[in-house]
Every structure is written in structure tokens, then in C-alpha cells.
1. Within segment 128-149, is there a residue that is under 16 Å from residue 60 (Cα atoms), touching a helix residue (DSSP H, G or I) at 6+ places or on another chain (Cβ under 6 Å) and either in a strand (DSSP E or B) or not acidic (Asp, Glu) (or both)?
2. Return the only residue of 72, 80 being open to solvent by less than 10 Å² (accessible area, probe 1.4 Å) and farther than 16 Å from residue 187 by Cβ.
3. Of all residues being among the β-branched types (Val, Ile, Thr) and open to solvent by 30 Å² or more (accessible area, probe 1.4 Å) in segment 142-200, which is farthest from the chain's Cα centre (by Cα)? Just the residue, please.
4. Could you please find all residues in segment 150-165 being in contact (Cβ under 8 Å) with a residue 12 or more places away in the chain and part of a strand (DSSP E or B)?
5. Taking the options 116, 84, name whichever one is under 18 Å from residue 42 (Cα atoms), touching a His at 6+ places or on another chain (Cβ under 6 Å) and modelled with pLDDT of 95 or more.
6. Within segment 86-102, is there a residue that is closer than 21 Å to residue 187 by Cα, open to solvent by less than 10 Å² (accessible area, probe 1.4 Å), touching a helix residue (DSSP H, G or I) at 6+ places or on another chain (Cβ under 7 Å) and not aromatic (Phe, Trp, Tyr)?
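The values are calculated or read from the model by the stated rules, or taken from the named source; none is laboratory data. What you see is a predicted model; the values in this text were computed from it and never measured. Glycine also receives a Cβ, built like all others from the backbone with ideal geometry; neighbour counts cover every protein chain displayed. With ligands, DNA and RNA removed, areas are computed over all heavy atoms of the protein, side chains included. Shrake-Rupley method; radii C 1.70, N 1.55, O 1.52, S 1.80 Å.
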Amino acid sequence: MKTIKTLSKYLILFSIVLTSCTNDEKKDPTRLNSQNTIDYLHLSFKTPDWERKINCDKLDLYPNEINDSTSTVLASSASTNETFCFSYPRDSSKIVKAKILKKHKIMATYENNEPFQFSQKLPLDANSIDDTTKRLISLEGFSETEYNQVVAVKYLKSEPKYAVFIVECKYEMKANVISSSDISKPITGTFIFKIRTNKK
């Protein structure tokens, strides 16, 4: 019930960012490379049944402040119906500290409440993209096989109200099938997002 209530809180936000990502599997794997330049923004996932790398070059995210310390960004891929929630510090001065380059908690879908947590929902397989009853939803956890690891952070630019960063992460999580909670699947992947934080 808690997840349903939280999900309804985000429906308006999803209407704003729903069309941000497109599927693109032809480009090489990406990261913040040694030349300190950006390759391309993306989100990837791999389950026992399917995998995709989604090009998010056009993803333009704005923060949703959920508590005194944390903002989130949310979006959905039109091509795969994958949706995600990534959280990070509201204060730009706290996003570049070396101590954040570690593993953080995976959360139940849309239940992020602290910086650098990750949660997501996606179809069970490539044949379930349009079947809303066959969805994998992330489970809260923090272990050797349940984590979101911040790999790199790069300051990108300043805007009037925000400082803009590129954040790279890799993750492992467990997810249940929404229509069959006794079925659990592992999901692994990576993402590089452009995010905005408040200037202090």
C-alpha cells in the first residue's frame, strides 16, 4: 500500500519526463573516460530474460526535492517501458565529496529517501513491454548483490539556479514480478545521467 501511495505522488512528474530516453544498442559502452569528456548518457539493464542499453543523451532531468537532504530524478523509456528513480544530495557542495564513491542502498520502486539510492521497474521480458501485469519491481536491499555504486562524478556547468553534474553508477538488485511476488529475478546494469543540484 505504501508503494501505491508513493507512486501516485509521482504521476505528475512522470508526465513531464516520460519521453526522455530512446533505445540505442549500437554505440560502445560508456563511462566518464580518462580524458574527462562525456561519451553518451545511458541506462542499461540485464535480467535472466533480456537486456537493453538505452541512450539517454536527450534526457534533461530536473530535481524533485523529497526531504531536507535529498532530491530525486525520475524518467521512463518509451521503447522499453523501463522506469527509474535515482536520488542524490540537494546541496551541490555534497555531491563531489570522495566518500560518496562507494556502494549505496537499492530501494523498493520509488521509495528512495537518501542520496545515491536507485530503484526501477521494467517489463519481465521483451514480450511483456505492453503488459502492465508483467513487471519487475526492485526490492529494498543492501548486500554484495544489492547495491548502487557511484563510480564517478563530474561537474559539467553552472545554470542560474542549479549546478549540473554527470554521475556514473553501476548496480545490482533483486526484483519481484509484480503479479507473482514469489518470483524473484536479479538485475544488473549501469547508468550515466546528467543531474541538477541546488546552488547554496
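1. Kept after step one, since they are under 16 Å from residue 60 (Cα atoms), are these residues of segment 128-149: none.
Checking segment 128-149: not a single residue is under 16 Å from residue 60 (Cα atoms), touching a helix residue (DSSP H, G or I) at 6+ places or on another chain (Cβ under 6 Å) and either in a strand (DSSP E or B) or not acidic (Asp, Glu) (or both).
2. Numbers: 80 fails: farther than 16 Å from residue 187 by Cβ.
So the residue among 72, 80 that is open to solvent by less than 10 Å² (accessible area, probe 1.4 Å) and farther than 16 Å from residue 187 by Cβ is 72.
3. The initial filter retains those residues of segment 142-200 that are among the β-branched types (Val, Ile, Thr), namely 145, 150-151, 153, 164, 166-167, 177-178, 183, 187-188, 190, 192, 195, 197.
Of the ones still in play, those that are also open to solvent by 30 Å² or more (accessible area, probe 1.4 Å) are 145, 151, 153, 178, 183, 188, 190.
On the way: 145: 17, 151: 14, 153: 15, 178: 19, 183: 23, 188: 12, 190: 9 Å.
Within segment 142-200, the match that is farthest from the chain's Cα centre (by Cα) is 183.
4. Residues of segment 150-165 that are in contact (Cβ under 8 Å) with a residue 12 or more places away in the chain, as a first pass: 150-156, 158-159, 161-165.
Residues satisfying the conditions are 150, 151, 152, 153, 154, 155, 156, 158, 162, 163, 164, 165.
5. Numbers: 84 fails: touching a His at 6+ places or on another chain (Cβ under 6 Å).
Residue meeting the stated conditions: 116.
6. Taking every residue of segment 86-102 in turn, none turns out to be closer than 21 Å to residue 187 by Cα, open to solvent by less than 10 Å² (accessible area, probe 1.4 Å), touching a helix residue (DSSP H, G or I) at 6+ places or on another chain (Cβ under 7 Å) and not aromatic (Phe, Trp, Tyr).
Residues are listed down the side, and each one gets a yes or a no for (1) surrounded by 11 or more Cβ atoms within 10 Å (Cβ to Cβ); (2) at pLDDT 50 or above; (3) within 24 Å of residue 105 (Cα to Cα); (4) not aliphatic (A, V, I, L, M):
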{"position": "13", "(1), (2), (3), (4)": "yes, no, yes, no"}
{"position": "18", "(1), (2), (3), (4)": "yes, no, no, no"}
{"position": "39", "(1), (2), (3), (4)": "yes, yes, no, yes"}
{"position": "48", "(1), (2), (3), (4)": "no, yes, yes, yes"}
{"position": "52", "(1), (2), (3), (4)": "yes, yes, yes, yes"}
{"position": "62", "(1), (2), (3), (4)": "yes, yes, yes, yes"}
{"position": "66", "(1), (2), (3), (4)": "yes, yes, yes, no"}
